[in-house]
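Novice: Pasting in a structure now, in C-alpha cells, and then I'll have a few things to ask.
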Amino acid sequence: MSVVDDFLAGVSEPQRSVLQELRELILEFIPEAEETIAYNIPCFKVNGKGIAGFDAYKNHNSYFPFSGQVFKAMPDQVEGYVTTKGSLHFSKTECLPRELVQRLIEVRLAQAF
C-alpha cells in the first residue's frame, strides 16, 4: 500500500470514494506523478513540484493546486465553487468534473514548468 492508500483508508465514506475518483483522474492526466504526502495531505508531484492535492473535511472536500495563481488564471471555470487562495472546496459526495480537473492540472503544469 502507498502512503495515499493509507491516507484514504482513514477517510470515511462517501468521501473516500469521491477522493479515490479524484486521485484516478489526477493520475490519468499526470501518470508520471509521484504520489506522496505533503502538508499532511496527498500530493501529486512532477519533478519535485506539487501539482495537485486533496483532503477531506467535515463539510466538504478540497482540491489543492499548490499555487495561489491557478484559480486567478481560470476564474470562469472555478465560478460557483468556494475558493481560498490555495484551495477549492467541493462536494463530499460528488467528484469534481473531469474537464475541470484536467484544466486545473494544465494551468498548474504551465505555471510550474
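Novice: Hey, could you check the stretch 22-40 for residues that are more than 15 Å from Asp55 (Cβ to Cβ) and touching a residue at least 24 places away in the same chain (Cβ under 8 Å) and say which is least open to solvent (accessible area, probe 1.4 Å)? Outline the logic, then answer.
Specialist: Initial filter on the stretch 22-40 (more than 15 Å from Asp55 (Cβ to Cβ)): 24-25, 27-34.
From what is left, the residues that are touching a residue at least 24 places away in the same chain (Cβ under 8 Å) are 25, 29-30.
Working: Leu25: 19, Phe29: 46, Ile30: 1 Å².
By that ranking, first place goes to Ile30.
Novice: Hey, another quick one. Hey, Met1 hits all of (1) at pLDDT below 95; (2) touching a Gly at 6+ places or on another chain (Cβ under 8 Å); (3) not small (Gly, Ala, Ser) but one; which does it fall short on?
Specialist: The single condition Met1 does not satisfy is (2).
Novice: Of the residues that sit in the stretch 41-56 and are open to solvent by 20 Å² or more (accessible area, probe 1.4 Å) and under 17 Å from His89 (Cα atoms), which one is farthest from the chain's Cα centre (by Cα)?
Specialist: Ala56
Novice: Taking the stretch 6-32, which residues are acidic (Asp, Glu) and more than 15 Å from the chain's Cα centre (by Cα)?
Specialist: Those that are acidic (Asp, Glu) and more than 15 Å from the chain's Cα centre (by Cα): Asp6, Glu13, Glu32.
Novice: Examine the stretch 57-71 for a residue that is modelled with pLDDT under 95 and open to solvent by less than 60 Å² (accessible area, probe 1.4 Å), and state whether such a residue exists.
Specialist: Here is the first cut: in the stretch 57-71, the residues modelled with pLDDT under 95 are 68.
Subset that is open to solvent by less than 60 Å² (accessible area, probe 1.4 Å): 68.
Checked the stretch 57-71: at least one residue is modelled with pLDDT under 95 and open to solvent by less than 60 Å² (accessible area, probe 1.4 Å).
Novice: May I pose another question? Does Leu25 meet the test of being under 17 Å from Cys95 (Cα atoms), in contact with a Phe, Trp or Tyr (Cβ under 8 Å, 6 or more places away or on another chain) and outside any strand (DSSP E or B)?
Specialist: So Leu25 does not fit the description; no.
Novice: Which residue pairs have Cβ atoms under 8 Å apart, sit 6 or more places apart or on different chains, and have a first residue in the stretch 87-104 that is under 10 Å from Leu22 (Cβ atoms) and free of Cβ contacts under 8 Å to residues at least 40 places away in the same chain and a second that is surrounded by fewer than 20 Cβ atoms within 10 Å (Cβ to Cβ) and aromatic (Phe, Trp, Tyr)?
Specialist: Matching pairs, first to second residue: Phe90/Tyr81.
Novice: Mind checking which residues of the stretch 72-97 are part of a helix (DSSP H, G or I) and either open to solvent by less than 20 Å² (accessible area, probe 1.4 Å) or in contact with a helix residue (DSSP H, G or I) (Cβ under 6 Å, 6 or more places away or on another chain) (or both)? Write out each step before concluding.
Specialist: Within the stretch 72-97, the subset part of a helix (DSSP H, G or I) is 72-73, 75-78.
If the condition is that a residue be part of a helix (DSSP H, G or I) and either open to solvent by less than 20 Å² (accessible area, probe 1.4 Å) or in contact with a helix residue (DSSP H, G or I) (Cβ under 6 Å, 6 or more places away or on another chain) (or both), then Ala73, Gln77, Val78 are the ones that fit.
Novice: From the list Val18, Val4, Val11, pick out the single residue that is open to solvent by less than 60 Å² (accessible area, probe 1.4 Å), assigned to a loop (DSSP other than H, G, I, E, B) and at negative phi.
Specialist: Criteria check complete, one pass: Val11.
The values are calculated or read from the model by the stated rules, or taken from the named source; none is laboratory data. In this text, all values refer to a predicted model and were calculated from it rather than measured experimentally. Positions of Cβ are backbone-derived with ideal geometry, glycine not excepted, and every protein chain shown enters the neighbour counts. Each accessible area value is taken on the protein alone, full model and side chains, heavy atoms only, with ligands, DNA and RNA left out. Shrake-Rupley method; radii C 1.70, N 1.55, O 1.52, S 1.80 Å.
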